[in-house]
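Enquirer: Could you have a look at this structure, given as structure tokens, before my questions?
The values are calculated or read from the model by the stated rules, or taken from the named source; none is laboratory data. Predicted model only: the values in this text are computed from it and were never measured. Note that we place each Cβ from the backbone using ideal geometry, even for glycine, and neighbour counts take in every protein chain shown.
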Amino acid sequence: MNLKLKRICGASVRNTLLALYAVFALFPIFWMILITFKTDAEMYTTTFIFHPTLHNYEEVLLRTDYFWAFLDNIIVSSLAVVVSVLAGVPAAYALARYKFRGKEDLAFTILSFKFAPEILVILPLFMIYQKLGIFDTYFGLIWVYQLITMPLIIWVVRGYFEDVNIEIEQAAQLDGYPWYSVFLKILLPLIKPGLVAAALLSFIFAWNSFTFPLLLSGFKIETVTVASLKYIASDTVHYGQMAVAATVAVIPEVVLALLIQKHLVRGLSFGAVKG
Amino acid sequence: MRLTFKLAVSVKIVLVMCFSLFIVSCGKKEQDVSGKQAATDEAVIQAQQAAGVNGFSWDMAKGAKIKVLLNQHMYAEAIIKKIADFTQKTGIEVDYAITPEENYFDKVTTSLNSRSGDPDIFMTGAYQIWEYGAANFIQDLTPFIEDSNLTGPDYDIADFYEGVLGACRWDLIPGHKTGAGPYWGLPLGFEIYSLAYNKKVFADRGLAVPKTMEELIEICEKLKEFDGRGTYPIAFRGSRNWATIHPGYMSTFANYGAQDFVIENCKLVSKVNSPESVKMTEDWVKLIKVGGSPSWSSYTWYQAGADLGAGKAAMLFDADINGIHQNWKGASKETGNIAWAVMPLPAGQQTLNSNLWTWALAMNKSSKNKLAAWLFMQYFTGKEYALWASLEMKSVDPARASVWENSEFKKMMSQQSGYLETFKATINGTRILFTPQPHFFETTTEWAATLQKIVAGQYDSVQQGMDELKEKMDEAVEYLKTE
């Protein structure tokens, strides 16, 4: 009886603490959604009781270019991740499996793309982009986003390749698989959790990138990170409209995370159990 | 092994730096070349020749394409609405990008620094001209303005308020005042500094609008928590940023007879520790302590204006247009209750000085479409457009006197209690009160930081704080030559 009571008490305390944490963690999102329904006039003078309106949604989604910025962001972030996966996974395999001169230096160079703050390298990049005619183009942004996405994918996936026993590859080759089938049918399924996790993280970093799209685009292409700030107007900060923009901007990340949650949890915990 | 690794990293970093320097130096070469051509800018001559055949006409750059960089602002919103009309009238295609102010000048500086000619036109403030002009980033507009083949007969440059147009003029010599020398920009609109107050709060308590700094401090004592907890007497900016200094503080600073810099022995010397400056700062600090928001040190334009609109502050000592954004119908809780009066002066002071901020259009020195760019500037700073923007887009304060004389505009603004009268009383004393020099942002941000430290009690006296500030300001401008 005592033990049962202890268990019930323990569970109650645990659940209460978890519920409190959930409130703590979700409150900013709740607050953000709440203010999407407030007018500017009621923004500073009301808390929970106000006259709800859809005006902010109308303004952001129907009367500004935010929707196009959203589409632009999806295009550049998704394609940047696709390019990074297509080029980064074979690169990660090579770095994990082959021995060649300067291998570690090369790996370090790839990682070093993440070292310098974006603002520090933006001027040469801006000038190169102007010369090459890729300023304010999808291609240009996808290319520069490789600085964000590629190192992450290569370094995470490299670790996963190193964890796969080489005998598995040799066994497949003995069974008559050509090298590309070994890679696609044996190795890729094995590293899938890591690849999915790395790709999602890369997507999130690309999605939230600010300095590159701010300075290397803007006339024809705009991303949500830049477009969201437009609601800081000269007259006032339109917090309601900014909240709508932020709410819409998190949707792809949340949906993606939920869709691949299974792989994500495995992927993130995979490295923790290796001996 | 570790040594080799470090060596490899070092070599790579050096290579990257060399590459960046090479790229930047390519731009520098172009700068030197364009610098030599300053007097006879080929693009200007070409524009003059192109126009010279038939004289001025709006379609003389037909088929050209220009890029315009705009700051997120009501002035920009008005421009965007009229771009189609401009294209129809001139045959010039316009691409524009609009960027929030927080990051706008990062983008402008990067773009100008690249000397790629992109964008052709951008929005700028007067203080930025001191930086961009010194770096040879912007086009001198004088040859365009003075050429009747390039400028329409109805442009009427004399219609701009002298102080506002003068804010965009400077001879590029540090220490020389604005108002003379080449034109580096043309104003879209501007703001003056005044006292906005909640007339209902004042009427309910039988208070008169303060005319002197002493009266202002006295009234602040009476308005402490005037409408319960969280309410306070007067809002103004206080963040650690140059923008804290340039509105009410700088205007009052000049009204106390103080100066930021003077020229001594061909060098700029800061005078922020003069007796006038110290007295003014002592009074300002008293005002902050008696009447300011408890969060004053984080306050920017937005918080200060929003507090007046929300009824948290009874007064606002800031730009006249900051208050007006809270007073348009439905804009805030206190809509209709806000009124304006001229800023309080120190006792005995009769002359009213107000600093100003203007958003102007400027041309990229490296633009490859200068004639088309000039037509764009002419259209969007012209009389017709200025009136339309003011009436239809509430784009205030217009920089052209003819708009202020327009009966429809007067009628619109007369609904804003005391606005027109305050403007009329202030405009003649309105000009840039800072001494132009390319380190403006560095020195004024330091000024704001010092003000914060003085309020926080980190100095034994205001004099000590201002003495230290003077040293820092002198150090920043030490190498500048004033002749």
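Residue-by-condition table, conditions (1) farther than 22 Å from B:Gln326 by Cα; (2) surrounded by fewer than 18 Cβ atoms within 10 Å (Cβ to Cβ); (3) modelled with pLDDT of 95 or more:
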{"residue": "B:Ile217", "(1), (2), (3)": "yes, no, yes"}
{"residue": "B:Tyr232", "(1), (2), (3)": "no, no, yes"}
{"residue": "B:Trp242", "(1), (2), (3)": "yes, no, no"}
{"residue": "B:Tyr249", "(1), (2), (3)": "no, no, yes"}
{"residue": "B:Phe253", "(1), (2), (3)": "yes, no, yes"}
{"residue": "B:Phe261", "(1), (2), (3)": "yes, no, yes"}
{"residue": "B:Asn265", "(1), (2), (3)": "yes, yes, no"}
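Enquirer: Suppose we filter the stretch A:48-58 for residues that are touching a residue at least 40 places away in the same chain (Cβ under 8 Å) and away from chain B (no Cβ under 13 Å); how many remain? Please lay out each step first, then the result.
Expert: Narrowing the stretch A:48-58 to residues touching a residue at least 40 places away in the same chain (Cβ under 8 Å): A:55-57.
Those still in the list that are away from chain B (no Cβ under 13 Å) too: A:56-57.
Qualifying residue count, the stretch A:48-58: 2.
Enquirer: Okay, next question. From the list B:Ala347, B:Ala341, B:Ala306, which one is among the small types (Gly, Ala, Ser), in the same structural domain as B:Leu223 (by TED's automatic domain parsing) and surrounded by 23 or more Cβ atoms within 10 Å (Cβ to Cβ)? Before you say what the answer is, go through the steps one by one.
Expert: Working: B:Ala347 fails: surrounded by 23 or more Cβ atoms within 10 Å (Cβ to Cβ); B:Ala341 fails: surrounded by 23 or more Cβ atoms within 10 Å (Cβ to Cβ).
Matching residue, one of B:Ala347, B:Ala341, B:Ala306: B:Ala306.
Enquirer: Are there any pairs, at least 6 apart or on different chains, whose C-beta atoms fall under 8 Å, with the first in the stretch A:80-109 and within 14 Å of chain B (Cβ to nearest Cβ) and the second among the charged types (D, E, K, R) and part of a helix (DSSP H, G or I), and if so, which?
Expert: A:Ala107/A:Arg158; A:Thr109/B:Lys12
Enquirer: Working carefully through the options B:Lys481, B:Lys472, find the one that is surrounded by fewer than 19 Cβ atoms within 10 Å (Cβ to Cβ) and touching a residue at least 60 places away in the same chain (Cβ under 8 Å).
Expert: Details: B:Lys472 fails: touching a residue at least 60 places away in the same chain (Cβ under 8 Å).
The unique qualifying residue is B:Lys481.
Enquirer: Then there's this: Could you identify the single residue in A:Leu190, A:Leu141 that is within 30 Å of A:Trp68 (Cα to Cα) and not polar (S, T, N, Q)?
Expert: A:Leu141
Enquirer: Quick check on the stretch B:199-213: of everything there that is under 29 Å from the mean Cα position of the chain (by Cα) and not in a loop (DSSP other than H, G, I, E, B), which residue is surrounded by the fewest Cβ atoms within 10 Å (Cβ to Cβ)?
Expert: Filtering the stretch B:199-213 down to residues under 29 Å from the mean Cα position of the chain (by Cα) leaves B:199, B:209-213.
Still in the list and also not in a loop (DSSP other than H, G, I, E, B): B:199, B:212-213.
Numbers: B:Lys199: 20, B:Thr212: 14, B:Met213: 22.
The selected residue is B:Thr212.
Enquirer: If we only count helices (runs of 4 or more DSSP H) wholly inside the stretch A:48-164, which ones have 1 or more residues that are under 30 Å from A:Met32 (Cα atoms)?
Expert: Working: elements: A:66-97, A:103-112, A:118-132, A:138-163.
Counting at least 1 such residues, we get A:66-97, A:118-132, A:138-163.
Enquirer: Hey, another quick one. Taking the stretch A:110-144 as the region of interest, how many residues are within 11 Å of another protein chain (Cβ to nearest Cβ), more than 24 Å from A:Ile74 (Cβ to Cβ) and either touching a Pro at 6+ places or on another chain (Cβ under 7 Å) or among the β-branched types (Val, Ile, Thr) (or both)?
Expert: Selection size over the stretch A:110-144: 4.
Enquirer: Another question about this same structure. Being over 23 Å from the mean Cα position of the chain (by Cα) and not assigned by TED's automatic domain parsing to the domain that holds B:Lys394 narrows it down to one of B:Ser57, B:Ser116, so name that one. Outline the logic, then answer.
Expert: On the way: B:Ser116 fails: not assigned by TED's automatic domain parsing to the domain that holds B:Lys394.
Going through B:Ser57, B:Ser116 in turn, the sole match is B:Ser57.
Enquirer: Something else about it: Those residues that are touching a residue at least 40 places away in the same chain (Cβ under 8 Å), over 16 Å from B:Ala243 (Cα atoms) and not in a helix (DSSP H, G or I), I need them from the stretch B:306-322; list them, please. Write out each step before concluding.
Expert: Step one: filter the stretch B:306-322 for residues touching a residue at least 40 places away in the same chain (Cβ under 8 Å), giving B:307-308, B:311-322.
So of that shortlist, the ones also over 16 Å from B:Ala243 (Cα atoms) come out as B:307-308, B:311-315.
Answer for the stretch B:306-322, where residues must be touching a residue at least 40 places away in the same chain (Cβ under 8 Å), over 16 Å from B:Ala243 (Cα atoms) and not in a helix (DSSP H, G or I): B:Gly311, B:Lys312, B:Ala313, B:Ala314, B:Met315.
Enquirer: List the number of the failed condition for B:Gly228; all other conditions in (1) at pLDDT 95 or above; (2) more than 17 Å from the chain's Cα centre (by Cα) hold.
Expert: Tallying (1) at pLDDT 95 or above; (2) more than 17 Å from the chain's Cα centre (by Cα), B:Gly228 fails exactly one: (1).
Enquirer: Can you go through A:Met1, A:Met43, A:Met32 and tell me which one is touching a Phe, Trp or Tyr at 6+ places or on another chain (Cβ under 8 Å), at pLDDT below 95 and farther than 30 Å from A:Leu195 by Cα?
Expert: Working: A:Met1 fails: touching a Phe, Trp or Tyr at 6+ places or on another chain (Cβ under 8 Å); A:Met32 fails: touching a Phe, Trp or Tyr at 6+ places or on another chain (Cβ under 8 Å).
After applying the criteria, what remains is A:Met43.
Enquirer: From B:Thr335, B:Thr358, which residue is in a strand (DSSP E or B) and within 14 Å of chain A (Cβ to nearest Cβ)? Step through it out loud before you land on a result.
Expert: Numbers: B:Thr335 fails: in a strand (DSSP E or B).
Sole residue among the options that is in a strand (DSSP E or B) and within 14 Å of chain A (Cβ to nearest Cβ): B:Thr358.
Enquirer: Provide a single number: the residues in the stretch B:166-225 that are under 30 Å from B:Cys266 (Cα atoms) and of a type in the set (S, T, N, Q).
Expert: 1
Enquirer: Might you let me know whether the stretch A:145-165 holds any residue that is within 14 Å of another protein chain (Cβ to nearest Cβ) and hydroxyl-bearing (Ser, Thr, Tyr)?
Expert: Going residue by residue through the stretch A:145-165, those that are within 14 Å of another protein chain (Cβ to nearest Cβ) are A:147.
Narrowing further to those that are hydroxyl-bearing (Ser, Thr, Tyr): none.
No.
Enquirer: Something else: All but one of (1) in a loop (DSSP other than H, G, I, E, B); (2) without any contact (Cβ under 8 Å) to a residue 60 or more places away in the chain; (3) of a type outside the set (Gly, Ala, Ser) hold for B:His325; state the number of the condition that does not hold.
Expert: If we test B:His325 against (1) in a loop (DSSP other than H, G, I, E, B); (2) without any contact (Cβ under 8 Å) to a residue 60 or more places away in the chain; (3) of a type outside the set (Gly, Ala, Ser), just (1) comes out false.
Enquirer: Within the stretch B:273-286, does at least one residue satisfy the condition of being within 14 Å of chain A (Cβ to nearest Cβ), in a loop (DSSP other than H, G, I, E, B) and either buried (at least 22 other Cβ atoms within 10 Å of the Cβ) or touching a Leu at 6+ places or on another chain (Cβ under 8 Å) (or both)? Walk me through it before giving the result.
Expert: Applying the first criterion (within 14 Å of chain A (Cβ to nearest Cβ)) to the stretch B:273-286 yields none.
Within the stretch B:273-286, not a single residue is within 14 Å of chain A (Cβ to nearest Cβ), in a loop (DSSP other than H, G, I, E, B) and either buried (at least 22 other Cβ atoms within 10 Å of the Cβ) or touching a Leu at 6+ places or on another chain (Cβ under 8 Å) (or both).
Enquirer: Does the stretch A:224-231 contain at least one residue that is surrounded by fewer than 18 Cβ atoms within 10 Å (Cβ to Cβ), under 24 Å from B:Asn103 (Cα atoms) and modelled with pLDDT under 90? Step through it out loud before you land on a result.
Expert: Step one: list which residues in the stretch A:224-231 are surrounded by fewer than 18 Cβ atoms within 10 Å (Cβ to Cβ), which gives none.
Checked the stretch A:224-231: no residue is surrounded by fewer than 18 Cβ atoms within 10 Å (Cβ to Cβ), under 24 Å from B:Asn103 (Cα atoms) and modelled with pLDDT under 90.
Enquirer: Now for a different question. Which of the residues belonging to the stretch B:361-373 are assigned to a loop (DSSP other than H, G, I, E, B), crowded, with 21+ Cβ neighbours inside 10 Å and not small (Gly, Ala, Ser)?
Expert: Restricting attention to the stretch B:361-373, the residues satisfying the condition of being assigned to a loop (DSSP other than H, G, I, E, B) are B:365-369.
Of the ones still in play, those that are also crowded, with 21+ Cβ neighbours inside 10 Å are B:365-367, B:369.
Those that are assigned to a loop (DSSP other than H, G, I, E, B), crowded, with 21+ Cβ neighbours inside 10 Å and not small (Gly, Ala, Ser): B:Lys365, B:Asn369.
Enquirer: Here's a follow-up. Restricting attention to the stretch A:148-171, which residues are of a type in the set (A, V, I, L, M, F, W, C) and in contact with a Leu (Cβ under 9 Å, 6 or more places away or on another chain)? So that I can check it myself, show each step before the final result.
Expert: In the first step, residues of the stretch A:148-171 are kept if they are of a type in the set (A, V, I, L, M, F, W, C); the result is A:148, A:150, A:152-157, A:161, A:164, A:166, A:168, A:171.
Selection gives A:Leu152, A:Ile153, A:Ile154, A:Trp155, A:Val156, A:Val157, A:Phe161, A:Val164, A:Ile168.
Enquirer: Hey, another quick one. Considering only the stretch A:1-54, state which residues are touching a Lys or Arg at 6+ places or on another chain (Cβ under 9 Å) and of a type in the set (Val, Ile, Thr).
Expert: Narrowing the stretch A:1-54 to residues touching a Lys or Arg at 6+ places or on another chain (Cβ under 9 Å): A:41-42, A:44-46, A:50-53.
Residues satisfying the conditions are A:Thr45, A:Thr46, A:Thr53.
Enquirer: Test B:Leu371 against the criterion of being aliphatic (A, V, I, L, M) and either free of Cβ contacts under 8 Å to residues at least 24 places away in the same chain or closer than 28 Å to B:Glu101 by Cα (or both), and give yes or no.
Expert: Values: aliphatic (A, V, I, L, M): yes; either free of Cβ contacts under 8 Å to residues at least 24 places away in the same chain or closer than 28 Å to B:Glu101 by Cα (or both): yes.
Judged against the criteria, B:Leu371 is a match.
Enquirer: Still on this structure, please answer the following. Confirm whether A:Thr45 is surrounded by 13 or more Cβ atoms within 10 Å (Cβ to Cβ), hydroxyl-bearing (Ser, Thr, Tyr) and without any contact (Cβ under 8 Å) to a residue 24 or more places away in the chain.
Expert: Values: surrounded by 13 or more Cβ atoms within 10 Å (Cβ to Cβ): yes; hydroxyl-bearing (Ser, Thr, Tyr): yes; without any contact (Cβ under 8 Å) to a residue 24 or more places away in the chain: yes.
Criteria met by A:Thr45.
Enquirer: Taking the stretch B:374-401 only, how many residues are within 22 Å of the chain's Cα centre (by Cα) and either surrounded by fewer than 20 Cβ atoms within 10 Å (Cβ to Cβ) or farther than 24 Å from B:Leu356 by Cα (or both)?
Expert: If we filter the stretch B:374-401 for residues that are within 22 Å of the chain's Cα centre (by Cα), which is where we start, we get B:374, B:376-383, B:385-387, B:389-390, B:393-401.
Then drop every residue that is not either surrounded by fewer than 20 Cβ atoms within 10 Å (Cβ to Cβ) or farther than 24 Å from B:Leu356 by Cα (or both), which leaves B:374, B:376, B:382-383, B:387, B:393-394, B:401.
Matching residues across the stretch B:374-401 total 8.
Matching residues to (1) at pLDDT below 95; (2) in contact with a Lys or Arg (Cβ under 7 Å, 6 or more places away or on another chain); (3) surrounded by 22 or more Cβ atoms within 10 Å (Cβ to Cβ):
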{"site": "B:Lys271", "(1), (2), (3)": "no, no, no"}
{"site": "B:Val290", "(1), (2), (3)": "no, no, no"}
{"site": "B:Phe317", "(1), (2), (3)": "no, no, yes"}
{"site": "B:Gln326", "(1), (2), (3)": "yes, no, yes"}
{"site": "B:Gly330", "(1), (2), (3)": "yes, no, no"}
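Enquirer: What helices (runs of 4 or more DSSP H) lie completely within the stretch A:178-265 and have 1 or more residues being closer than 19 Å to A:Ile75 by Cβ, among the aromatic types (Phe, Trp, Tyr) and away from every other protein chain (no Cβ under 14 Å)?
Expert: Values: elements: A:188-207, A:211-216, A:224-228, A:239-259.
Fully inside the stretch A:178-265 and qualifying: A:188-207.
Enquirer: Determine if the stretch B:403-414 includes at least one residue that is among the small types (Gly, Ala, Ser) and assigned by TED's automatic domain parsing to the domain that holds B:Arg237.
Expert: Of all residues in the stretch B:403-414, those among the small types (Gly, Ala, Ser) come to B:407, B:414.
Retained after the next criterion (residues that are assigned by TED's automatic domain parsing to the domain that holds B:Arg237): none.
No: the stretch B:403-414 contains no residue that is among the small types (Gly, Ala, Ser) and assigned by TED's automatic domain parsing to the domain that holds B:Arg237.
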